[in-house]
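Report on the structure given below.
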Amino acid sequence: MNFPRRRFLKGLGGALVGLPALSIFSRPVAAQTTPTPKRAVFFWSPNGFNLSTFYPRNRHGGGSSAFGPLTADTFAARALDTSTTLTNGVPRAIFRHPEWGLRNLQAYSSRISVLRGMRNSRQGFLDLADGGDHGMNTANRFTAAGIGGGQGLALGRSLDYAIADAINPVVDGQKLPLVLHVGTNADPRNGNGTSFISYKGPEDPDPGINNPWVAYRRLMGISSGSPAEDHLVRKRRRVADLVRGELQQIQGLRLGNRDRQLVTNWLGLLEETEDGMNNMGLMCTTAARDGLAPEANVRAYEGRTNDQLGRYEDFQQIGDLMMKIIALSFLCDHTRVATIQWSSGAGGPAFGSMGIGSGQNGTWHGGERHHELSHRNGSDGAEPGFLTDVERNMSWIDMWYGDRYRDLLGYLDGFSLLDDSVVVWMPEFGDGRQHHFIDITAVVAGTAGGYLRSGQMFDCSSNGRWDERLDTETNGPRIGPADNPANVYNLDIGWIDGCSSHNKLLTTVFNAVLPRGQDGRPTNPVRRFPEVDTADPHNHLEDGELTQLLA
Amino acid sequence: MSVDVEALCAGREFRETPPFEYLLRMRRWWLLASLAVTACTGKVGDPGTQATGPRSPTGPTGPTGPTGPTGPTGTECDPVAVPVTPRLRRLTFAQYDRTVSELVGLTVNPSAELGPEVDGITPTLWTGVESAAASVAAQVVGSPNAYARIVTCTPSGDGSACAGQVIDDFGRLAYRRTLSSAERDAYLATYTDRAALTENGTFEEWVAVFLEVILQAPNFLLRVERSQNEADGRIPLTGDEIATRISYALWNGPPDEALLDAAERGDLATAQGRKTQAERMLAEAAGVTKARNLVRAASADYLGMVGAYSAFWSNTQRDPNLFAEFYPGIDVDFREEVLRYVDHVAFDQNGGFRSLLTSPQAVVSGRLAPIYGLPSGDPNTWTPVTLDAEQRPGLLTRAGFLGTHGRFTRGSLIFRGSFVLHRILCETTGAPPAGAESTPLPMNQADLVTTRQRVDAMTAGVPCSACHTTRLNPMGYPYEAFDGLGRHRTTDNGAPVDTTGTLRLDGQERSYSNAKDYAELLAASPQAQQCFVHRFAEFTFSDSAVELGCTERDLAQHLALPDATIKSFLVELVSSDAFAYRATTEAP
């Protein structure tokens, strides 16, 4: 009478019955609609983007606005330019190369949105930022909270924690986000603002799990090597057969309309259940788990020290496993919100160490760390200097992260989870070169089941005039002699007017995953995230959602 | 100066008339009622409009005058009419919880996994049923007692004999009938295939699988009536179908083995056989407990505490300067008081319909006690007390009723009268004219001192008088002896209260001098008795348009017998033809 795997079976049962139902809900078969779980992922990368190459190009073909639908044209291949001609005082060739941040996301062009025209809620730069520019931007990114003195930590909880509190199932008595960190992480007692993006509460950061084996172990409840799910599936088939047989017999009775409808609906549900069973890949099973993340691949990290986990050689592999663990955790409904932090503020690996980058056209500074490249000079400081092909290196790194983001979308979509999710990619800064708090860009995938619009580049500025800020070729910041990245480490782009505070995006994402009423709006929406303002006079919050994004 | 507004023409009642009232009118109201309603509504404003008569408890061929003789004796009714019911009735959540609990011998609450309670089978409900079944099965296998109750044999040989016994025994209770051989074989096949369906193929694991499967079976989740052969204009039900009707009507739960045995013997085909079983079911202690729960739910339904009328019973607000005994949330205790009163009278006192309306008994919490002039006490302790029989006769003089049917500063003569008219006498009235509710109660004047005087003055003119003067207001006068919280009083605004009145009841002009007289009039009224029967049938068959034919009349006559009790009424109800036959037409 001892059922050592009882808990697993129960959990598995829940997922087995729940997930096939996803397909039920998306079809008009059932008269009643039941909300599918909504989920959110926060994907964070360090050091900002190369905004002069990052975006799909709407105006490249002569369009009048950088904003609008993401189409095949906007994803058109870009040729390498080796000329030395100056345009407006700047050698444009430094931005003209085939690599760019979102290049490999064309397959998702209708399912992602690119958001422009935001600033951090926390304003200020080196002069008044506790924690410095990196710390302030990192700590503020998903908290939109003020920054404390001392360690320079955020003064409020992050959105992943807030969402988990609102929508997560209770697992082991708690409702927690899955917070993952790729690389060596910091001890909350001595880390600083650059170390953490996830906060349980004011100055209470969650460094995240950085060992995939640790994160994976919860998935071990899906009994390793056991054919238990086969039993379960056979049992479910038996139930379906029996129920169908009885319903068909009942159908033979003289029934009124309501009785007949009941039987018809029930038979329809059986059909859907069977469809689900025929697609085991969409269920929380060992087959699904092992198909995506075989245990042996993860167990390889068992016993690794914190320092060992920061080895650049493992950066991509660990990150990939972490994203797979996110997808599996969603599939098994262990959590509905996850955060993945790649490295830390002012961090990032030297990509050459991963054994990637060889064969890269142009000069590839594989030994320089991401942060050093982001300064364009190969240094962690702001001294003059401009490495050969460094803009192209930066674009390549953006694209590398873009590819990881694409992989994450693929893992979620492989379980049919993407459309009901919101997957937010935000970098540490807007422009990686400027280290500034304005011109913050976000990429959002999934619509949370139709709450958001997608397939667009959105001007999220408050005045709708972001086009005026942009270079007509690159869609990035205007490029003039003063902005020539080869010459200037420009700290004064000064575009604060017209920017929407990025906390409006966080508010929008929060509302997108909350339970909804018949009108499609949250039954209990938040007016603003964070709901509690902090005492920091430099943190400027705005109420409401980014209405541009709403479906 | 605040304007004291009374709900004219019982406006709230009309606005909140539930759809089934209209259904009732359409399906059931005969010419008389149609004419009468028209008289009260369509011609509002016409001088001298005749107010409607009572809802006639007779059949379509009943008297045509609004106040014609409507007594249940000697009038025509349809002797073969039985309720038109669905063939498939999914267990309600309460029934599902009780049924599963009784089947497995554990107190479980599986409906918690089913999402919101809705009709039919939805995706959420169906997935919930599966996970609930798995969870219950795991609990049974984890509980030696529950397991031993279901597995009463020791597997030997290949174990199939014991498995077959488990299937037979549990299957009979779950399906509320003996399984067919095909059904038995299907379950036995799960035993034969247990190696494929479980991890280790043990007997215990199979038991869990069997429970999990059968708890998802349509024949378990639905109360199915298969009988289709007509005889004399209706369809006789099989013994097991009758047993199921009876057990869910008396216990809101599944038939026990004794009832199924009686069904298989054919005992339930006769009224006497059904009566014998019903009496047994209400004699056993466990059975009485279940019946008490059921009567409590039925009473809440009868009194309108659920559904559209429930607004009258909730959100009670009283001026604390006038009512020291008021406290926020008092409505919860008020409703509880009334339901405990019904329970006490019906089961502890073994009372009947008359007792409900006339008994001096009460069950009072320590916090409500001061309203009755009793010392206060523990808010959570409910104590049966005997009140002054002259002052406090029956249900309608309990603070729970009087205190909820009032306004911020006073009791509401109209709400109280409207309650009697609509809930106790099952009459209907049309909608009040526009703006009726906002008409202010006239200010105190020399000749308008008491609430009664002011309300009468307010409703004396056209069009209000059509409904109020002879119908609504006289049904509320007796309760003028109670203030807005149900405290007894002899004066209102310094003047003596007037609790006398005259009204038409059962086609006759009847006078009363106080609440006690009035309670006796209602208790003896065939119309009130038949209304009680009808309300109970509505609840039992979950159908506001339920038709019982002559059974309704017969049951009302039973209520009128001197020794009739609520329990004997329940016995008569389930012994009636309504529990032995289906109508020949299917529910739409």
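All of the numbers you see were taken from the coordinates with simple rules; none came from a lab. None of the values given here were measured: they were computed from a predicted structure. Note: ideal-geometry Cβ built from the backbone for every residue, glycine included; neighbour counts use all protein chains shown.
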Would you list which lysines come within 17 Å of A:LYS235, measuring only between C-alpha atoms, while excluding same-chain residues fewer than 8 positions from it? A:LYS10
B:SER143-A:THR84 pseudo-label distance in nm [points 7 Å out on the Cα-to-Cβ vector]: 8.7
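Can you compute the charge dipole magnitude of the stretch B:91-223 about its Cα centre, using +1 on each Lys and Arg Cβ and -1 on each Asp and Glu Cβ, nothing else charged? Give it in debye, rounded to the nearest 20. Intermediate results must be reported in sequence, preceding the final value.
Values: 8 positive and 16 negative charges, 83 e Å.
That gives a dipole near 400 debye.
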Whole-Hz couplings from phi, Karplus 6.51/-1.76/1.60, listed for the stretch B:274-286; x for Gly and Pro: 5, 5, 4, 5, 4, 5, 4, 5, 9, 9, 6, 4, 5
Enumerate the lysines that B:LYS290 could reach by cross-link, defined here as Cα to Cα under 19 Å, with residues fewer than 8 away along the same chain left out. B:LYS275, B:LYS567
Among A:VAL233, A:PRO525, B:GLY417, flag the residue with its Cα farthest along the positive direction of the charge dipole of the protein assembly as shown, charges on Cβ as +1 for Lys/Arg and -1 for Asp/Glu. B:GLY417
Once normalised by the length of the stretch B:91-223, the mean sequence separation of its alpha carbon contacts under 8 Å that are 6 or more apart gives a contact order in percent of 24
Quick query: amide H of A:ARG39 versus all other amide H atoms, modeled in the peptide plane; which residues come in under 5 Å with a sequence gap of 5 or more or a different chain? A:SER421, A:VAL422
Taking 0.36 nm per residue of sequence separation and subtracting the Cα-Cα distance, how much length would be gained by fully extending the chain between B:GLU264 and B:SER180, in nm to one decimal? 28.9 nm
Report, by chain and number, residues whose modeled amide H sits under 5 Å from the one on A:VAL179, excluding near sequence neighbours (fewer than 5 apart, same chain). A:ILE209, A:THR339
Where Lys and Arg each count +1 and Asp and Glu each count -1, what net charge lies around A:TYR401 among other residues with Cβ under 13 Å from its Cβ? -3
Can you compute the charge dipole magnitude of the protein assembly as shown about its Cα centre, using +1 on each Lys and Arg Cβ and -1 on each Asp and Glu Cβ, nothing else charged? Give it in debye, rounded to the nearest 20. 1040
For the stretch B:165-297, what does the relative contact order come out to in percent, with C-alpha contacts under 8 Å and a separation of six or more? 19
Could you pull out every whole DSSP H run in chain A that spans at least 27 Å of Cα extent along its own axis and averages 0.0 or higher on the Kyte-Doolittle scale? A:6-25
Would you work out which of A:PRO537, B:THR491, A:GLY303 lies farthest towards the positive end of the dipole of the protein assembly as shown? Charges go on Cβ: Lys and Arg +1, Asp and Glu -1. B:THR491
Chain A: translational diffusion in µm²/s, Stokes-Einstein, Kirkwood Rh over Cα pairs, 4 °C, 1.567 mPa s: 53
One can check that the equivalent ellipsoid of the protein assembly as shown, built from the alpha-carbon gyration tensor with semi-axes equal to the square roots of five times its eigenvalues, has lengths in Å, largest first, of 69, 40, 25
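Give the relative contact order (percent, whole number) for chain B; include only Cα pairs under 8 Å separated by 6+ residues.
24
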Enter the angle in degrees (range 0 to 90, nearest 10) between the Cα long axis of helix B:123-142 and the first principal axis of the Cα atoms of chain B, meaning the one along which they spread out most. 60
Relative to the first principal axis of the alpha-carbon coordinates of chain B, what is the inclination of helix B:526-540, with its axis defined by its Cα atoms, in degrees from 0 to 90 and to the nearest 10? 40
Cysteines not pairable in chain A (beta carbon separation under 4.7 Å absent): A:CYS460, A:CYS499
Residue by residue, what Karplus-based ³J(HN,Hα) values in Hz, rounded to whole numbers, does the stretch B:513-519 have, using 6.51, -1.76 and 1.60 with θ = phi - 60° and x for Gly and Pro? 10, 7, 4, 5, 3, 5, 4
In whole Å, how far is the Cα centre of the stretch A:85-126 from that of the stretch A:242-270? 57
Please give the charge dipole size of the stretch A:263-404, origin at the Cα centre, charges +1 on K and R Cβ atoms and -1 on D and E Cβ atoms. Round to the nearest 20 debye. 240
Sum of side-chain charges, A:SER109 neighbourhood, beta-carbon under 13 Å (Lys, Arg +1; Asp, Glu -1): +3
When B:VAL342, B:VAL332 are arranged by how many other beta-carbons sit within 10 Å of their Cβ, fewest first, they go B:VAL332, B:VAL342
Assuming R0 = 51 Å, can you tell me the calculated FRET efficiency for the pair B:TYR327 and B:ALA431, based on Cβ-Cβ distance, to the nearest 0.05? 0.90
Quick one: check the C-alpha center-to-center distance for the stretch B:360-401 versus the stretch A:370-398, whole angstrom. 85
Centroid-to-centroid separation of the stretch B:530-547 and the stretch B:513-529 [C-alpha atoms, Å]: 21
Grab the other residues whose beta carbon is less than 15 angstrom from that of A:ASN524, score K and R as +1, D and E as -1, and report the net. +1
In whole Hz, what ³J(HN,Hα) sequence does the stretch B:97-114 give by Karplus (6.51, -1.76, 1.60; θ = phi - 60°), x for Gly and Pro? 4, 5, 5, 5, 4, 6, 4, 9, x, 10, 7, 10, 10, x, 5, 4, 8, 9
At 222 nm, what value in deg cm²/dmol follows for the protein assembly as shown if DSSP H runs of at least 4 each add -39500 (n - 2.57) and the sum is divided by all its residues, to the nearest 500? -10500 deg cm²/dmol
Taking the Cα atoms only, what angle lies between the long axis of helix B:566-575 and the longest principal axis of chain B, rounded to 10 degrees? 50
What list do you get for A:TYR312, B:TYR477 if you sort them by fewest beta carbons within 10 Å? A:TYR312, B:TYR477
Note the direction-averaged projected area, equal to a quarter of the hull surface, for the Cα convex hull of the stretch B:91-223, in nm². 7.7
Looking only at lysines whose Cα falls under 24 Å of B:LYS516's and that sit 8 or more positions away or on another chain, we get none
All alpha-carbon distances of chain B, grouped into 20 Å bins from 0, give the whole-percent distribution 19, 47, 27, 7, 0
In chain B, taking the dipole from +1 charges on Lys and Arg beta carbons and -1 charges on Asp and Glu beta carbons about the Cα centre, the listed residue (B:GLY157, B:ALA133, B:LEU259) farthest towards the positive end is B:LEU259
Cβ density ranking, 10 Å radius, fewest first, applied to B:TYR327, A:TYR161, B:TYR512 yields B:TYR327, B:TYR512, A:TYR161
Non-local amide H neighbours of B:ARG510 (under 5 Å, H modeled in plane, Pro and chain starts lacking H): which ones? B:LEU503, B:ARG504, B:LEU505
